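So the structure is just underneath, and the comments pick up after that.
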2 protein chains.
Amino acid sequence: MIDVKTLCLGVLSRGDASGYEIRKEFEEGPFSNFSDAGFGSIYPALRKLLEDGMISIAQHGTDARPDKKVYRITAAGRQVLCQAVLRHPAPDRLRSDFMFMILFSHLMPARHLERILTDRIEDYERLIEDMERRESCDAAHSPPGEKFVHGLGLAMHRAAAAYLEEHRHQLLEGIRVQTKVAE
Amino acid sequence: MIDVKTLCLGVLSRGDASGYEIRKEFEEGPFSNFSDAGFGSIYPALRKLLEDGMISIAQHGTDARPDKKVYRITAAGRQVLCQAVLRHPAPDRLRSDFMFMILFSHLMPARHLERILTDRIEDYERLIEDMERRESCDAAHSPPGEKFVHGLGLAMHRAAAAYLEEHRHQLLEGIRVQTKVAE
DNA sequence: CTCTACATGTAATAAGTTACATGATTGC
DNA sequence: GCAATCATGTAACTTATTACATGTAGAG
């Protein structure tokens, strides 16, 4: 499975960036579809990559931000990234508290279940809107791989949102009946 | 985020099980939609849960398998599970090597890209078939939460599979053009 | 003047993975 | 007889998370 070091290498292969900017990519950019990492994993990863000669410091500090460090991928780093990309991809892994909780929705008050369903639908709607906005923004000049990943993520989120909307009443009803039977 | 201990508690709330059986749930059952854990995390989790009185040993060894231990959730364990279910769910997290690699498909030979796309589509088709088989098998007698999670997972996988099939040629063509321009 | 965004990093902790180590049973 | 499945567990390692610790710049 791809680790944070390789993820950072991936971001830097698209252009120089600081640790902070790399994190933004994980949060908002195309990388957000399949990864996330906080500062606590990015900074140590960058230190390691620097030690190993996979990246270099392109710029250290500006007038405004003396601490800022802009990293640049090296030839060695590019090679390592190419190798990583050629490996057979491990299966996708989804971690979802939401699904876990739904599985045990019979253990919660109906109000809470309604709440988490509504919240989740709203979350998806916001996310989809954001993605659609970005899509129309930079569709033309983004590379094919990026468009593909963006579209795939969007398709999955749309499917999830549609399913939630179409089946929430069925779930609520199912729970209601089950509760009545238990009485 | 839900940890392996809570996941185990969730499985055991549905019935007694051994470590080995719990893992099967993570691999094949409804839990496979949103989690996975190997023996290396399940056994230590069970030990901890036992120490804390969240589970007990319902049966230790059979004629055939003297080592087998069947665990049972305790009242305390059930309480802890109920509390966990009431917390606000953390956002879902997807880790996908596949998407990472597609993002860098311009760094790989066209043959390799075709290969991972074909493989992935096949993987999805197999997975969807399996899920459909299980759906028709135990649709009637499975609780509403389980049906919902199953349906949601299926909807997402179908959307992904459909997207891959519909857009793979577009990606391949895009990469081809990009490579030509670079020459 | 206050809030948000920018900016970096460490230390302690928690968690999870991999490799190791072993062995019986069942079906083919 | 062989492969797959059942069955458990530990130790070493790698990884990632959380909390801590600090401070500037720009917008309103």
Checked B:Gly29, B:Gly61 against criteria (small (Gly, Ala, Ser) and under 11 Å from the mean Cα position of the chain (by Cα)); the one match is B:Gly29
Does the stretch B:66-74 contain any residue that is more than 9 Å from DNA strand D (Cβ to nearest atom), farther than 22 Å from B:Ser96 by Cα and within 14 Å of chain A (Cβ to nearest Cβ)? yes
Please go through the stretch B:79-101 and give me each residue that is facing chain A (nearest Cβ under 10 Å), buried (at least 16 other Cβ atoms within 10 Å of the Cβ) and under 30 Å from A:Ala110 (Cα atoms), ordered by number. B:Leu81, B:Ala84, B:Val85, B:Pro89, B:Asp92, B:Leu94
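Could you tell me which of the residues B:Ala64, B:Ala58 is outside any helix (DSSP H, G or I), open to solvent by 70 Å² or more (accessible area, probe 1.4 Å), over 30 Å from A:Thr6 (Cβ atoms) and not charged (D, E, K, R)? Steps first, answer last, please.
Details: B:Ala58 fails: open to solvent by 70 Å² or more (accessible area, probe 1.4 Å).
Result of the check over B:Ala64, B:Ala58: B:Ala64.
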Checked pairs for the stretch A:27-38, first at the interface with chain B (Cβ under 10 Å from one of its Cβ atoms), second part of a loop (DSSP other than H, G, I, E, B) and crowded, with 21+ Cβ neighbours inside 10 Å, C-beta under 7 Å and 6 or more apart or across chains, list as A:Phe34/B:Ser96
Return the residues of the stretch A:102-113 that are of a type outside the set (Gly, Ala, Ser) and either open to solvent by 10 Å² or more (accessible area, probe 1.4 Å) or within 21 Å of B:Ala75 (Cβ to Cβ) (or both); say none if nothing qualifies. A:Leu103, A:Phe104, A:His106, A:Leu107, A:Met108, A:Pro109, A:Arg111, A:His112
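Tell me the residue from B:Ile22, B:Ile2 that is more than 11 Å from chain A (Cβ to nearest Cβ) and under 14 Å from the mean Cα position of the chain (by Cα), please. If you could, list the steps in order and put the result at the bottom.
On the way: B:Ile2 fails: more than 11 Å from chain A (Cβ to nearest Cβ).
Exactly one residue qualifies, and that residue is B:Ile22.
The values are calculated or read from the model by the stated rules, or taken from the named source; none is laboratory data. Here the structure is a predicted model, which is why all the values come from computation and not from measurement. Please note: Cβ atoms are built from the backbone with ideal geometry, for glycine as well, and neighbour counts cover all protein chains shown. Accessible surface is based on the protein model in full, side chains and every heavy atom, while ligands, DNA and RNA are left aside. Shrake-Rupley method; radii C 1.70, N 1.55, O 1.52, S 1.80 Å.
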